[in-house]
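> Just passing along the structure, written as structure tokens.
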Amino acid sequence: MFVHRARSISMLIAAAAIASHTGAAAQPLTKATIVQMHPVIGPGEDVFIYAVPKQLGYFKAEGLDVSIQGAQSGTVAAQVIQSGGAQIGTTAPESVLQMREQGGDMFAFFQIKQNGGTFLVVPPDSPIKRIEDLKSKTIGAPSFGAGGGLALKANLREVGIMPDQYTALSIGAGPAAFAALQNKQVDALVTWDAMLGAAENSGMSLRIVDIPLQDSLAGMTVATTQSFANSNPKALEGLCRAMAKGLHFAMTDREAAIRVFWQEFPTARPANLDPATALRNHAHVLDRFLEKAMEGVAYGDNTGQFIASAWRNSQANYQANGALKGTVQAEAGYSTRFLAACNAFDRTVVAADTKKH
């Protein structure tokens, strides 16, 4: 009788444990949307802030069901976040500060790019070695009213080169812009890391000329609203930690990261290239992105750190050209509150995950 009762009690305890575990597993995942500051998915930050965490279950392990959408620019992405159309997203520091000047509660919680990754490129044999050499030259850029083109204009003015002493052509981005450089329609081209990687994949040989002012500004960041952070601190920690894991995965093995990227976004794989070439090309674009994004960050170090001076420089620069009023302190645009939680994971486990892909 005693043995039978003990066995029955053991069975009841086991059943209760299974029911408890099943109940916990059945807890609904918290839905969240990431908005990107560009409309097209590509082998840059999309790889590690979404594709890797999604495919490897990093989001799910944090109790999250995450989707992604694009926007036309950092300004539009910031508007989507502030309006609640997405919980987090990539944007530019000046866009965060613009939202706050307009009464919003947006703030950045993870810095993706330690260097904005925008610069000039010239042919290898060009006499242009620094921006002072641009006097009387023709310069191409996606735009001279924003981004690197605007920073270059300001920087040239600082070194005594006025707009009437060079020719500025807004020629967009992509293959057509690089063709203009190759055909000598422009002497130098303002571009960014991922576009440089794509141009190099096509066989072009180019030399980088730094834009010193641009190097001093804050780069791409991940932002949310104070209201979301206050109501969902654990979800925000989980989102950030999953992205930081994805970043460490990509820093460990670029090609493994691209293979995972293609699993999540099959149509992103170049259909006109053989698999080995396509993998090598996309890994090179990602490598160019990370080269600037992780400037000064050693492998295995904590990521997402903010550079206070860069944020102040961004505010001063955009205030000088009228994009910001200066009514909000630069430091109000970001918070280090979640960085410890973002980086609280075992890097050896994530590095081992790359061997499975």
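> Rolling a 1.4 angstrom probe over the protein heavy atoms, how many square angstrom per residue are accessible across the chain? Before the final figure, lay out each step's value.
On the way: 16070 Å² over 357 residues.
For the chain, the per-residue accessible area is 45 Å².
> Just the Kirkwood number for segment 202-263, please: inverse of mean 1/r across all distinct Cα pairs, in Å, one decimal. Intermediate values should be presented prior to the final figure.
Values: mean 1/r = 0.0649 Å⁻¹.
Kirkwood radius, segment 202-263: 15.4 Å.
> Right, something else. What longest region of the chain stays clear of trypsin sites (Lys or Arg not before Pro) that DSSP places outside H, G, I, E and B and that have at most 15 other Cβ atoms within 10 Å?
Working: sites that count: Lys129, Arg130, Lys135, Lys184, Lys325, Arg337.
Here the longest run is 185-324.
> Hey, another quick one. For the chain, what is the relative contact order in percent, using Cα pairs closer than 8 Å and at least 6 residues apart in sequence?
Numbers: 615 pairs, mean separation 92.3, N = 357.
Once divided by the residue count of the chain, the mean separation gives 26 percent.
> To the nearest Å, what is the center-to-center distance of segment 44-109 and segment 303-357, using C-alpha atoms only?
After rounding, the separation between the Cα centres reads 13 Å.
> In vacuum, with every alpha carbon of segment 285-333 counted as one equal point scatterer, what does the Debye formula give for log10 I(q)/I(0) at q = 0.15, 0.20, 0.22, 0.32 Å⁻¹? Two decimals, please.
Values returned for q = 0.15, 0.20, 0.22, 0.32 Å⁻¹ are -0.56, -0.77, -0.83, -1.14.
> Per 0.36 nm of contour for each residue apart, how much would the distance between Ala344 and Arg207 grow if the chain were fully extended, relative to their Cα-Cα spacing?
Contour length minus the Cα-Cα distance gives 45.5 nm.
> Comparing Gly322, Gly174, Gly104, which has the greatest mean-square fluctuation in the GNM of the chain with Cα pairs linked when under 10 Å apart?
Gly322
> Which links in Lys129/Lys184; Lys60/Lys355; Lys234/Lys356; Lys234/Lys325 stretch past 25 Å when you go from one Cα to the other?
On the way: Lys129/Lys184 17 Å; Lys60/Lys355 20 Å; Lys234/Lys356 29 Å; Lys234/Lys325 34 Å.
Long pairs (Cα-Cα over 25 Å): Lys234/Lys356; Lys234/Lys325.
> With charges set only on the Cβ (+1 for Lys and Arg, -1 for Asp and Glu), what does the dipole of segment 175-269 come to about its Cα centre, in debye to the nearest 20?
Working: 8 positive and 9 negative charges, 56 e Å.
Computed about the Cα centre, the dipole is about 280 debye.
> Quick one: if you stick a label point 7 Å off each Cα along the C-beta vector at Lys129 and Thr336, how many nm between them?
Roughly 3.9 nm, to one decimal.
> Give the carbon-plus-sulfur fraction of the accessible surface of segment 54-199 in %, rounded to a whole number; probe 1.4 Å, heavy atoms of protein chains only. Don't jump to the answer; show the numbers that get you there.
On the way: 2730 of 5700 Å².
Here it works out to 48 percent.
> Sticking with this one: Largest first and in whole Å, what are the equivalent-ellipsoid semi-axes of segment 108-188 based on the Cα gyration tensor, each being the root of 5 times an eigenvalue? Provide the component values of the computation, followed by the final result.
Working: eigenvalues 93, 56, 31 Å².
Over the Cα atoms of segment 108-188, the ellipsoid semi-axes are 22, 17, 12 Å.
> Give me the three principal axis extents of segment 136-271 from the C-alpha atoms, as integers in angstrom, largest value leading.
55, 40, 23
> Set the Förster radius R0 to 22 Å, insert the Cβ-Cβ distance between Lys60 and Val40 as r into 1/(1 + (r/R0)^6), and round the FRET efficiency to 0.05. Don't skip to the end; give the middle numbers.
On the way: r = 26 Å, r/R0 = 1.18.
With R0 = 22 Å, the Cβ-Cβ based efficiency is 0.25.
> Can I ask one more? For the chain, set up a GNM with springs between Cα atoms under 10 Å and report which of Val40, Val76, Val121 has the largest fluctuation.
Answer for the Gaussian network model of the chain: Val40.
> Over segment 29-181, calculate the relative contact order: mean separation of alpha carbon pairs under 8 Å at least 6 apart, over the residue count, as a percent. Walk me through the intermediate numbers first.
Details: 181 pairs, mean separation 28.7, N = 153.
In percent, rounded to a whole number, it is 19.
> Hey, what does the equivalent ellipsoid look like for segment 51-206, semi-axes from the Cα gyration tensor as sqrt of 5 times each eigenvalue, largest first, whole Å? Write down the numbers at each step before the final one.
Values: eigenvalues 244, 86, 30 Å².
In descending order the semi-axes read 35, 21, 12 Å.
> Plugging the Kirkwood radius over Cα pairs into Stokes-Einstein for segment 194-333, at a temperature of 20 °C and a viscosity of 1.002 mPa s, what D comes out in µm²/s?
119 µm²/s
> Which whole DSSP H helices in the chain pass both tests: a Cα extent of 30 Å or more along the axis and a mean Kyte-Doolittle value no lower than -1.0? Present the calculation step by step, with values, prior to reporting the outcome.
Values: long enough: 2-25 (34 Å, 0.90).
Membrane-span-like by this criterion, though nothing is claimed about a membrane: 2-25.
> At 222 nm, what value in deg cm²/dmol follows for the chain if DSSP H runs of at least 4 each add -39500 (n - 2.57) and the sum is divided by all its residues, to the nearest 500?
Taking each H run of at least 4 residues, the total per residue is -13500 deg cm²/dmol.
> Could I ask something else about it? 7 Å from Cα along Cα→Cβ at both Ala154 and Lys184: what's the point-to-point distance in nm?
Those two pseudo-labels are separated by 3.5 nm.
> Dividing the convex hull volume of the Cα atoms of the chain by its residue count, what figure in Å³ per residue is obtained?
So the per-residue hull volume is 154 Å³.
The values are calculated or read from the model by the stated rules, or taken from the named source; none is laboratory data. Every value quoted in this text rests on a predicted model; they were computed, and no experiment measured them. Don't worry about glycine lacking a Cβ; one is built from the backbone with ideal geometry, like all the others, and counts go over all protein chains shown. In case anyone asks, the SASA skips ligands and DNA or RNA and just uses the protein heavy atoms, side chains included. Shrake-Rupley method; radii C 1.70, N 1.55, O 1.52, S 1.80 Å.
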